[in-house]
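The values are calculated or read from the model by the stated rules, or taken from the named source; none is laboratory data. Since the model is a prediction, treat every value here as computed from it, not as a measurement. Cβ: placed from backbone, ideal geometry, glycine included. Neighbour counts: every protein chain shown. These area figures cover heavy atoms from the full protein model, side chains too; ligands, DNA and RNA do not enter into them. Shrake-Rupley method; radii C 1.70, N 1.55, O 1.52, S 1.80 Å.
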Amino acid sequence: MPLEAINVSFRYKSGPWILRDLNLSILPGEIVGLTGPSGCGKTTLARLLAAFERPEAGRITLDGQPLPASGYCPVQLISQHPEQAVNPRWQMLDTLREGYIPDESLLLALGINNEWLKRWPNELSAGELQRFCVARALGPGTRYLLADEMTTMLDAVTQAQIWQAVLRVAAERRLGMLVTSHDEKLIQRICHRMIDLANAS
Amino acid sequence: MNSVNTLPCRNSNRRRLNRRQHTLLTIALAATLLFVLLGGALFLGEEGLSVNLNHRNMPPSLAYPLGTDWLGRDMLARTVQGLSLSFGVGLTAAGISAFIALVLGLAAALGGKRLDTIITWLVDLFLAVPHLVLIILIAFVFGGGLQGVIAGVTLTHWPALTRLLRAEVLQLRSAEFVLVSRRLGRSRWWVATRHLLPHLKPQLLVGFLLLFPHAILHEAAITFLGFGLSPHRPAIGVILSESMHYLSAGSWWLAFFPGLALLVMVRMFDILGDNLRLLYDPRSARE
């Protein structure tokens, strides 16, 4: 049942190796923290696990199988830059419903204002956009959620609001999570175990 | 106190039209011009083009607002006829050119490395040869006349837009929101039609509108040089090249008004294309 990275190595083009022979396993319902200094490969690892990039060597498997090439991906990534993850020519309602139709209670829990649904992405702040990205990634087919600096651009109160909503959904559905952050306190607070990427590889 | 208060006020009163109003005005002007052209070509047509040797070389007057030429033909009728002909050629050539650019641009960006290399090479090839030489050659191969001009202009104007569309698709293909869309279970076709095409639509429309004056100018240019439309057709290029013989005799109106009409038409569509480009871009739309 776990999401696994087996002996994964990765580099961009023929640049220096970013990850070498990395092994990682996340179980359903488990929340794993990922820390490390800037540029050590945290985002790259998250992108590899969500099949945004392909590893140069090694495999990413879910239940022992490679991730499906088409159809809804059970591993969803919420990236650090929400303004790049939404189509600038789509109204927010279309973006929100791209994968599935989220119910009202989830929107309420994430603090998504009904007024925002008719707006364009350049009329919302990064924090407001991020809530849409979170809602969009919590589809019924999601089994693993990778949160890459998900709430870095938000104020403390909103951070708490979004994390509470996400953690509740994760607990209800036994989602496995990988949380990437520079915020030590956040990681200690919500994660079951922690990986320091600088020492791991 | 008073002067401080009135200054910004007067400024905002004097403010020029904003871009939306400006664009609407240009569209209205362009539409009026087209209407006048089409109507004029229908009504003034045969009568004005007939030879009348009693009214040769007359300067602009009430009866002949743009004067008459050395055969006594009404220059207003000839100019209108010439412009409507140019308009038809420009429309056809720019339309086909834009379509070729869309197909080749998409093929280059999505069709694999080898196809990309071939198309990029073709684009470079066509951009490296001077337009005018190429148009003359192609028009010659197609047997000259109307079809020669259209073929020549069509086959030389796609490269710049192709390159633009290819770059746009390449950039979009690896955009974060496209990758996310694939992870959300959307098919390649869905992503192409819902994410890529809406982004290309403004580029395509603006590209077409900017190609259009180019096409008209090139049509006039090669007709002027004698490689285009036959001298019996009242094309702007024909009118301009004929009037060259009479300029030294003082018949300035033969070249001035047709040339000015061509300039106005070309510039209007140029402005229209530029304004639409800025309006379509969400980043500059509200400026």
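Details
- Scoring B:Leu137 on the criteria (1) modelled with pLDDT of 85 or more; (2) under 23 Å from the mean Cα position of the chain (by Cα); (3) within 27 Å of B:Asp281 (Cα to Cα) leaves a single failure, condition (3).
- Qualifying positions in the range B:59-73 - closer than 16 Å to B:Leu247 by Cβ and part of a loop (DSSP other than H, G, I, E, B): B:Pro59, B:Pro60, B:Leu66, B:Gly67, B:Asp69, B:Trp70
- Boolean, B:Leu76 is in contact with a Leu (Cβ under 6 Å, 6 or more places away or on another chain), crowded, with 23+ Cβ neighbours inside 10 Å and outside any loop (DSSP other than H, G, I, E, B): no
- Residue that is surrounded by fewer than 24 Cβ atoms within 10 Å (Cβ to Cβ) and at negative phi, where the choices are B:Leu229, B:Leu209: B:Leu209
- If you go through the range B:167-192 and pick out every residue that is open to solvent by less than 30 Å² (accessible area, probe 1.4 Å) and hydroxyl-bearing (Ser, Thr, Tyr), you end up with 1.
- Restricting B:Ala235, B:Ala215 to those that are under 18 Å from the mean Cα position of the chain (by Cα) and modelled with pLDDT under 85 reduces the list to B:Ala235.
- Filter pass, A:Ile60 being in contact with a His (Cβ under 8 Å, 6 or more places away or on another chain), among the hydrophobic types (A, V, I, L, M, F, W, C) and in contact (Cβ under 8 Å) with a residue 24 or more places away in the chain: no
- Hits in the range B:164-214 (condition: among the polar types (S, T, N, Q) and in contact (Cβ under 8 Å) with a residue 12 or more places away in the chain): B:Ser181, B:Gln203
- Considering the range A:113-150, and only residues there that are open to solvent by less than 70 Å² (accessible area, probe 1.4 Å) and of a type in the set (Lys, Arg), the residue that is nearest to the other protein chains (Cβ to nearest Cβ) turns out to be A:Arg136.
- Just one residue in the set B:Thr156, B:Thr193, B:Thr162 is farther than 30 Å from B:Gln81 by Cβ and either under 18 Å from the mean Cα position of the chain (by Cα) or away from chain A (no Cβ under 14 Å) (or both); that residue is B:Thr162.
- Contact map, the range A:161-189: residues that are on the phi < 0 side of the Ramachandran plot and hydroxyl-bearing (Ser, Thr, Tyr) paired with residues that are open to solvent by less than 10 Å² (accessible area, probe 1.4 Å) and assigned to a strand (DSSP E or B), Cβ distance under 6 Å, separation 6+ or inter-chain. Pairs shown: A:Thr180/A:Leu34; A:Thr180/A:Asp148.
- Only listed residue being more than 30 Å from B:Arg186 (Cα to Cα) and not in a helix (DSSP H, G or I), chosen from B:Gly237, B:Gly228: B:Gly228
- Answer from B:Leu170, B:Leu146 - the residue that is among the hydrophobic types (A, V, I, L, M, F, W, C), within 30 Å of A:Gly139 (Cβ to Cβ) and more than 14 Å from chain A (Cβ to nearest Cβ): B:Leu170
- Qualifying residue in the range B:267-287 (condition: within 14 Å of chain A (Cβ to nearest Cβ), open to solvent by 10 Å² or more (accessible area, probe 1.4 Å), in contact with a Leu (Cβ under 6 Å, 6 or more places away or on another chain) and among the aliphatic types (A, V, I, L, M)): yes
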